[in-house]
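Peer 1: One structure is given below, represented as structure tokens, and several questions about it will come after.
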Amino acid sequence: MKKLTVAIAALALVGTMGVAKTLRVGLASGAYTMDPQAFNETATNSILSNIFDTLVRFDENIKVHPDLAVSWTNPEPTVWIMKLRKGVKFHNGNTFNADDVVFTFNRIKNWKKSGFKGKVSMIDKVEKINDYTVKFITKKAFPVFLRKLTYVDILDKETVKGKSDEWIGLHPIGTGPYEFVFWRKGDQIKFKANPNYWAGKAKFDNLIFRVLSNNATRTAAILSGEVDLINRVPVVDVKRIKNNSKLNTFVKPGLRLIYLQMDQFRKKSPYIKSPTGINPFLDVRVRRALYYGINEDAIVKYIMKSFAVPAAQFSPSVVVGYDPSIKRVKYDPAKAKKLLAEAGYPNGFSVVLDAPNNRYINDAQIAQAVASSMAKIGIKVKVNATPKSTFFPKTAKQDTSFFLIGWASSDGDGSSILDGVIHSKDDVRGYGRYNNGKYSNPKVDKLIEESDANMNPTSRVKEMREAQQIALVQDQNIIPLHFQVDIYASSKKIKFTPRTDSRIWAYDIR
Amino acid sequence: MLKYILNRLFHSVIVMFVISFIVFFIMFKAGDPVQLLLPPDATQQDVIEMRHALGLDQSFIKQYEAFLKNVAKGNLGTSFVYGQPALNVVFERLPATLELSILAMIFSILFGVPLGIIASIKPKAWYSKAIMFLSLSGISVPVFWTGMVLVLVFSVILGWLPSSGRGTVYLFTSAFTWDGIKHLIMPVLTLSFFQLALILRLTRTGMMEVMMQDYIKLARAKGVPRRVIVYYHALKNSLIPLITVIGIQFGQLVAFTIVTETIFAWPGTGKLIIDSIQNLDRPVVVAYLLVISFIFVAINFMVDVLYTFIDPRVRM
């Protein structure tokens, strides 16, 4: 009898162990490198997040959770002491400790080609206290510290030190739930479950990411059952996938705001023809007229097929600094015309709107829709839609009078757009790099700088909201259009939860 | 012969030198890749540092000079985006594209030539007309449409063939495993439709012309069997223009598989070059175009050599 029980138990064990489970994911774009500190780009970060751990990690709603750091204290505004997880091994068997953390941060700081410098720029020093405690000293009080750390994948010092950039770019060794198996460039990346992952082995033994950049191809792959999950479902295919009884679709509001900005610093702007010869955008009434005059509901309904959320402010509601009291104004072309007349442009003016045509969802079509909205209030808008490789260098030189662009608050904190887009352009101190309409208000700058170094969450949010109140509601420095939405489709065989940060974190997929 | 080869080699080097200069110049003018390489939250300081690290803060002449010096050492530069040697990035993707192009070419020749001959012998027969009708659709239907219809029918509806990807790869190719072959069928078919139709039509025209020649009439009068006339005398003489076109078309296939590669998510160089142009990844774009022009030059050379074997009247 006992023997029989053992045999049955063994059989059951074989039964559960026998079939290796594989999760196949079809992605709209693949990884550019396996070096987690080279190219800071969503698709690469998303794939590598399965191999590498960070000190702290976002959950699906961009709340910060412990990861390789188990706990932390903030004894002084500029000092953070972090206790590290013990007994964690890298995929090659090396032990994880404080040396690896110090090494990782210094590599980003010292390597000229790293795209992650912005994440560690406020960190002045990283020190090892003992094998499992590290101390961070920031240049000034830095409330977004923890959120920035979610972008720093921890490398193994013993593995990486002395290796060439090329080698590191092909040999990712982390502590995460999956280990690297192979990478066939442009085709697929294969990972296998790390049996020693500190939180327990992942449910799927194998993880395959396939690059299916063509929309129709991606849809065909999920419909034919070749992959279990796809991201960036083409809007036109959502209905078809919904009608398939074997598939689920998911919609998750993202962090990216699509907005318009205009030249607010030149008396004569290069791409504007106005009756007075003066740049009309210098007048806040003209800027406000644009806000009233854009039929955003129509853009969302007809161009985005309802897969976008009309925006009333800089960041979506999950982001720190969101202000529930600011609502989007109602589409009102009559009021827009009145404002234009008050500003001295009863017959409008003409302007060129620059927009990328391969960067954001339907970017060129949105620009066209803006142009037709503007025509109704008498402003002649000519759309100049170009590839992103032309668009970004052009706007970076302020060689534009009016442009459509996007910003993702990827830290989940409002400071990212406040620093990068709203603050006056200040290359020396690193503010306003994307403020290419060069809006500038010293009051706003002061509030932003104060909030950037305010460790009291309540008064900090108050400052951020006040800055937004002045910049957006009073000065109308940008015209918010909408927040993008992420759409996924999965097989009903798996349990998938979409994430705000748009990453595919396979460990949570059941 | 040796003099001829050396001469051709010298010309090729000049062609590739000119190409490198033009591409380098266009990519230099196209814009600043650093704006695309760094995330929005990078500061101006980071931008300046990276520009310096990549050597992009130098003048055009200085940058091109540095490029030439590296080329002399066999190094085409490091990709801005992938961080790997540009030539490696291209060579990693090249087998997939070559595999697709070679198989599509073989398929087109294997079916195009015999069908062309059949259609030329009895041009008024119903099957000849059917062949010609199909070849017309092969030439006029866009590749994108053909590919998508194949995917819809054989993957989504019937579920017989995988819709995309390369499957199992063994020794640089998918052609040695059943899984790999299943992945190859639809891309190869899609890519070969146009070529097949073109080769078929060329064969037919060539054959019909040759069949009117006096030496064919003489052979017939002598009582040479019809099979010998068609497959030996006539076919051999209609091959020269066909080989020229096949040579040119093969180069085209390698360089323009992009549409087919996109539909079937085939990891070849077509997709790579589009991505690299979009990201302003100059070293990869230059390396790719040099490799492709080398292939073109090599094919033209081989075609020239083949001529002399087929037609002794052609002299080098």
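The values are calculated or read from the model by the stated rules, or taken from the named source; none is laboratory data. Only a predicted model underlies this, so the values are computations on that prediction, with no experimental measurement involved. Methodologically, a virtual Cβ is constructed for each residue, glycine included, from the backbone with ideal geometry; neighbour enumeration extends over all protein chains shown. Surface accessibility is based on the protein's heavy atoms, side chains included, excluding ligands, DNA and RNA. Shrake-Rupley method; radii C 1.70, N 1.55, O 1.52, S 1.80 Å.
Peer 1: For chain B, what relative contact order do you get, as a whole percent, if you take Cα pairs closer than 8 Å and at least 6 residues apart? Could you put the intermediate results ahead of the total?
Peer 2: Numbers: 339 pairs, mean separation 84.0, N = 316.
Computed over chain B, the figure is 27 percent.
Peer 1: Now a separate question. So how exposed is A:Glu463, as accessible area in Å² (1.4 Å probe, rounded to 10)?
Peer 2: Accessible surface of A:Glu463 is approximately 30 Å².
Peer 1: Just how far, in whole angstrom, is the stretch A:322-395 from the stretch A:102-137 if you go by their alpha carbon centroids?
Peer 2: What the calculation gives is 42 Å, centre to centre.
Peer 1: Let me know the charge dipole size of the stretch B:96-268 about its Cα centre in debye, to the nearest 20, where only the beta-carbon of Lys, Arg (+1) and Asp, Glu (-1) is charged.
Peer 2: Dipole magnitude for the stretch B:96-268 comes out near 940 debye.
Peer 1: Grab the beta carbon distance between B:Leu9 and B:Asp179, set R0 = 56 Å, and tell me the FRET efficiency rounded to 0.05.
Peer 2: 0.85
Peer 1: At 1.002 mPa s and 20 °C, plugging the Kirkwood radius over alpha-carbon pairs of the stretch B:1-93 into Stokes-Einstein gives what diffusion coefficient in µm²/s? Show your work: numbers first, answer last.
Peer 2: Values: Rh = 15.4 Å.
Rounded to a whole number, D works out at 139 µm²/s.
Peer 1: Give the separation of the Cα centroids, the stretch A:214-275 to the stretch B:240-311, in Å.
Peer 2: So the two Cα centres are separated by 33 Å.
Peer 1: Given R₀ = 60 Å, what would the calculated FRET efficiency be for A:Asp426 paired with B:Thr244, taking r from the Cβ atoms and rounding to 0.05?
Peer 2: 0.40
Peer 1: Once you place label points 7 Å from the Cα toward the Cβ at A:Lys86 and A:Lys246, how far apart are they in nm?
Peer 2: Spacing of the two 7 Å Cα→Cβ label points: 5.0 nm.
Peer 1: Here is a further query. In the stretch B:96-268, if the dipole is taken from +1 on Lys/Arg beta carbons and -1 on Asp/Glu beta carbons about the Cα centre, which of B:Ser238, B:Pro142, B:Leu103 is farthest to the positive end?
Peer 2: Of the listed residues, the answer is B:Ser238.
Peer 1: If you average the C-alpha positions of the stretch A:67-95 and of the stretch B:85-149 separately, how far apart do those two centres end up, in angstrom?
Peer 2: Here the answer is 60 Å between Cα centres.
Peer 1: List the lysines whose Cα sits under 27 Å from the Cα of B:Lys236, skipping any in the same chain fewer than 8 residues away.
Peer 2: By straight Cα distance, B:Lys236 reaches B:Lys122, B:Lys124, B:Lys129, B:Lys217, B:Lys222.
Peer 1: Ok, one more. What nm value, rounded to one decimal, do you get for the distance between B:Leu158 and B:Asp311 when each label is placed 7 Å out toward the C-beta?
Peer 2: 4.2
Peer 1: Moving to a separate point now. Quick check on the protein assembly as shown: helices-only [θ] at 222 nm, where DSSP H runs of length 4 and up contribute -39,500 (n - 2.57) each and the sum goes over total residues. Nearest 500, please.
Peer 2: -13500 deg cm²/dmol
Peer 1: Let me ask something else about it. Would you mind calculating the gained length between B:Ile61 and B:Phe17 on full extension (0.36 nm times residue separation, minus the Cα-Cα distance), in nm to one decimal?
Peer 2: 14.4 nm
Peer 1: Decide, for the stretch B:203-272, between rounded, prolate and oblate: order the square roots of the alpha carbon gyration tensor eigenvalues as a ≥ b ≥ c, take rounded if a/c falls under 1.5, and otherwise choose prolate if a/b is larger than b/c, else oblate.
Peer 2: It comes out prolate by the Cα gyration axes.
Peer 1: Further question: Rounded to the nearest percent, how much of the accessible area of the stretch A:79-197 (1.4 Å probe, protein heavy atoms only) is carbon and sulfur?
Peer 2: 48
Peer 1: How long are the semi-axes of the ellipsoid equivalent to chain B, from square roots of 5 times the Cα gyration tensor eigenvalues, in whole Å, largest first?
Peer 2: That gives 44, 27, 15 Å for the three semi-axes.
Peer 1: Once you list every other residue whose beta carbon is under 14 Å from the beta carbon of A:Glu296, what net charge do they have if Lys and Arg are +1 and Asp and Glu are -1?
Peer 2: So the environment of A:Glu296 carries a net charge of +3.
Peer 1: Label 7 Å along Cα→Cβ of A:Thr22; the stretch B:137-176 residues with amide nitrogen under 15 Å?
Peer 2: Taking a point 7 Å out along Cα→Cβ of A:Thr22, the residues of the stretch B:137-176 whose backbone N falls under 15 Å are B:162-170.
Peer 1: With contacts defined as alpha carbon pairs under 8 Å and 6 or more residues apart, what's the relative contact order of chain A in percent?
Peer 2: 19
Peer 1: Working from the pairwise distances between different alpha carbons, so that the mean of 1/r is found and then inverted, what is the stretch B:96-268's Kirkwood radius in Å?
Peer 2: About 17.4 Å, per the Kirkwood formula over Cα pairs.
Peer 1: Could you point to the residue in B:Ile310, A:Gln398, A:Asn74 farthest towards the positive end of the protein assembly as shown's charge dipole, with +1 and -1 charges on the Cβ of Lys/Arg and Asp/Glu respectively?
Peer 2: Looking along the dipole axis, the top candidate is B:Ile310.
Peer 1: Another question, if that's okay. In µm²/s, what is D for the protein assembly as shown at 20 °C and 1.002 mPa s, where D = kT/(6 pi eta Rh) by Stokes-Einstein and Rh is the Kirkwood radius from Cα pairs?
Peer 2: The diffusion coefficient I find is 71 µm²/s.
Peer 1: Can you tell me the accessible area per residue over the stretch B:96-268, all protein chains present, probe 1.4 angstrom, in square angstrom?
Peer 2: I get 50 Å² per residue for the stretch B:96-268.
Peer 1: Right, something else. Check each of the trypsin sites (Lys or Arg not before Pro) in the stretch B:226-316 and keep only those in coil by DSSP with at most 12 other C-beta atoms within 10 angstrom; list them in order.
Peer 2: Hits after loop and neighbour filter: B:Arg313, B:Arg315.
Peer 1: Quick one: length gained pulling B:Phe172 to B:Glu209 fully straight, 0.36 nm per residue minus the C-alpha distance?
Peer 2: Taking B:Phe172 through B:Glu209 to full extension adds about 9.1 nm, to one decimal.
Peer 1: For the pairing of chain B with chain A, what total accessible surface becomes buried, with a 1.4 angstrom probe, in square angstrom to the nearest 100?
Peer 2: 4000
Peer 1: Given N residues in the stretch B:152-191, what is its alpha carbon radius of gyration divided by 2.2 N^0.38 Å? All intermediate terms of the calculation are to be shown ahead of the outcome.
Peer 2: Working: Rg = 10.1 Å, N = 40, 2.2 N^0.38 = 8.9 Å.
Compared with the compact-globule rule of thumb, the stretch B:152-191 sits at 1.13.
Peer 1: Taking 40 Å² as the minimum loss, tell me which residues in the stretch B:57-83 lose that much accessible area going from the chain by itself to the full protein complex (1.4 Å probe).
Peer 2: Correct list: B:Val81, B:Tyr82.
Peer 1: Here's something else I'd like to know. With a Förster radius of 25 Å, plug the Cβ-Cβ distance of A:Glu60 and A:Ser325 into 1/(1 + (r/R0)^6) and report the FRET value to the nearest 0.05.
Peer 2: After rounding to 0.05, the efficiency reads 0.40.
Peer 1: I want to make sure I understand the PRE zone here: with the label point 7 angstrom from the Cα of A:Glu342 toward its beta carbon, which residues in the stretch A:255-290 have backbone N atoms less than 14 Å away?
Peer 2: So the set is A:283-290.
Peer 1: If the chain between A:Asn206 and A:Lys239 were fully stretched, how many nm would it gain, using 0.36 nm times the residue separation less the Cα-Cα distance?
Peer 2: Gain on stretching A:Asn206 to A:Lys239: 8.9 nm.
Peer 1: Radius of gyration and Dmax for the stretch A:394-442's Cα atoms, expressed in Å?
Peer 2: Considering the stretch A:394-442 through its Cα atoms, Rg and Dmax are 10.8, 30 Å.
Peer 1: Classify the stretch A:374-510: rounded, prolate or oblate, from the alpha-carbon gyration tensor (a ≥ b ≥ c, eigenvalue square roots; a/c under 1.5 rounded; otherwise prolate if a/b is larger than b/c)?
Peer 2: The shape class here is oblate.
Peer 1: Using only Cα atoms, tell me the angle between helix A:98-110 and the longest principal axis of chain A; keep it within 0 to 90° and round to the nearest 10.
Peer 2: 30
Peer 1: Counting only heavy atoms of protein chains, what accessible area per residue, in Å², does chain A have with a probe of 1.4 Å?
Peer 2: Counting only protein heavy atoms, the per-residue value for chain A is 40 Å².
Peer 1: Same structure again: Report, in listed order, any pair from A:Lys190/A:Lys493; A:Lys125/A:Lys148; A:Lys330/A:Lys388; A:Lys273/A:Lys337; A:Lys163/A:Lys185 with a Cα-Cα distance greater than 23 Å.
Peer 2: Listed pairs above 23 Å: A:Lys330/A:Lys388.
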